[in-house]
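Worksheet for the structure shown next.
The values are calculated or read from the model by the stated rules, or taken from the named source; none is laboratory data. Just so it is clear, the structure is predicted and the values come from calculations on it, not from any experiment. For neighbour counting, all protein chains shown are included, and Cβ atoms are generated from backbone atoms with ideal geometry for every residue, glycine included. For accessibility, only protein heavy atoms count, side chains too; no ligands or nucleic acids. Shrake-Rupley method; radii C 1.70, N 1.55, O 1.52, S 1.80 Å.
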Amino acid sequence: MRDVTWEAPFCGEGASCYRLGTDSEGNSYIAVAGAEDHHLTDSREALQQMIRDIKAGKADHLL
């Protein structure tokens with residue numbers, strides 16, 4: 001596994017905790033806290049766009 005720098009866990013209601021991370025090659029990672037070996041990987045740009053879309057309400061229908 002690449003050397004990933006993980007952020008502190010983000011925990012929502014119901015103790016669903018996620019972690020975001022990046023590596024030196026510009027990749028981004030999303031994992032459930034405590035299960036970082038099983039992560040989703042994409043580009044940093046894709047992670048930035050996903051966060052912008054979530055902030056804009058484009059995922060509200062999932063709530």
Item checked: Qualifying residue in the stretch 28-49 (condition: in contact with a Pro (Cβ under 9 Å, 6 or more places away or on another chain), hydroxyl-bearing (Ser, Thr, Tyr) and either within 17 Å of Ala8 (Cα to Cα) or open to solvent by 50 Å² or more (accessible area, probe 1.4 Å) (or both)) -> no
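When only residues in the stretch 7-25 that are of a type in the set (D, E, K, R) and under 18 Å from Leu47 (Cβ atoms) count, which is surrounded by the most Cβ atoms within 10 Å (Cβ to Cβ)?
We begin by selecting, within the stretch 7-25, every residue of a type in the set (D, E, K, R); these are 7, 13, 19, 23, 25.
Applying the additional criterion that residues be under 18 Å from Leu47 (Cβ atoms) yields 7, 19, 23, 25.
Details: Glu7: 11, Arg19: 20, Asp23: 15, Glu25: 9.
Per the criteria, the residue is Arg19.
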Margin query: Residues to consider are Gly34, Gly26; find the one that is on the phi > 0 side of the Ramachandran plot and touching a Lys or Arg at 6+ places or on another chain (Cβ under 7 Å).
Written below: Gly26
Notebook entry, point to check: Does any residue in the stretch 16-41 that is within 17 Å of Asp3 (Cβ to Cβ) come within less than 6 Å, Cβ to Cβ, of a residue that is basic (Lys, Arg) six or more places away or on a different chain, and which pairs are these?
Noted result: Asp23/Arg2; Gly26/Arg44; Ser28/Arg44; Ala31/Arg19
Note to self: I need a count of the residues in the stretch 52-63 that are among the aliphatic types (A, V, I, L, M) and part of a loop (DSSP other than H, G, I, E, B).
What the structure shows: 3
